[in-house]
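So the structure is just underneath, and the comments pick up after that.
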Amino acid sequence: MPRPLPSKERDLVLFILGQTSSSYGHFDLVEEMNDGGMGSLCFVGSADRRFGKCIGEAEFDDADGVLVSVALNIDQRGELFELDLWKVDFTPLQQMAASDELRPSLFGQRSISE
């Protein structure tokens, strides 16, 4: 069931998007994905959407100290598709990071310009 995007999740999306956030329009409604409680979200859009590519990554440490890797994906039309969170030990996310706890990903180093 769709729900509004809370401020910490919005901050995470904006952190990854940086200066290009206006290029992706409104991204207010999301649906939680079945990912074992790791916090991944799908942006509400048309039913025929599919994964296009990853446009940026970030990471943060969960409340238990375990690394959380984040990828922001767009669909085949260039619209926001998924905010994919992966906790490296596969346990459920305990707490979404505050904006000052976010950092660029050390793994992918992908950026919007790719």
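The values are calculated or read from the model by the stated rules, or taken from the named source; none is laboratory data. Given the structure is predicted, the values throughout are model-derived calculations rather than measurements. All Cβ positions, glycine included, derive from the backbone under ideal geometry; neighbour counts span all protein chains shown. Side chains are part of the model used for accessible areas, which takes the heavy atoms of the whole protein and leaves out ligands, DNA and RNA. Shrake-Rupley method; radii C 1.70, N 1.55, O 1.52, S 1.80 Å.
What is the number of the single condition among (1) open to solvent by less than 70 Å² (accessible area, probe 1.4 Å); (2) modelled with pLDDT of 90 or more that Phe15 does not meet?
(1)
For the range 1-99, please list each of the strands (runs of 3 or more DSSP E) lying entirely inside it that holds at least 3 residues being under 10 Å from the mean Cα position of the chain (by Cα).
In the range 1-99, the matching strands (runs of 3 or more DSSP E) lie at 41-43, 51-61, 67-75, 80-87.
Would you pick out the residues in the range 58-81 that are of a type in the set (D, E, K, R), at pLDDT 95 or above and open to solvent by 20 Å² or more (accessible area, probe 1.4 Å)?
Asp61, Asp64
Yes or no: Arg50 touching a residue at least 24 places away in the same chain (Cβ under 8 Å) and of a type in the set (Lys, Arg)?
Yes; evaluated as a whole, the condition is true for this residue.
Checking Ala58 against (1) out of contact with any helix residue (DSSP H, G or I) (no Cβ under 8 Å at 6 or more places or on another chain); (2) within 24 Å of Leu106 (Cβ to Cβ), which single condition isn't satisfied?
If we test Ala58 against (1) out of contact with any helix residue (DSSP H, G or I) (no Cβ under 8 Å at 6 or more places or on another chain); (2) within 24 Å of Leu106 (Cβ to Cβ), just (1) comes out false.
Based on what the data block shows, is Arg103 open to solvent by 30 Å² or more (accessible area, probe 1.4 Å), touching a residue at least 40 places away in the same chain (Cβ under 8 Å) and basic (Lys, Arg)?
Yes.
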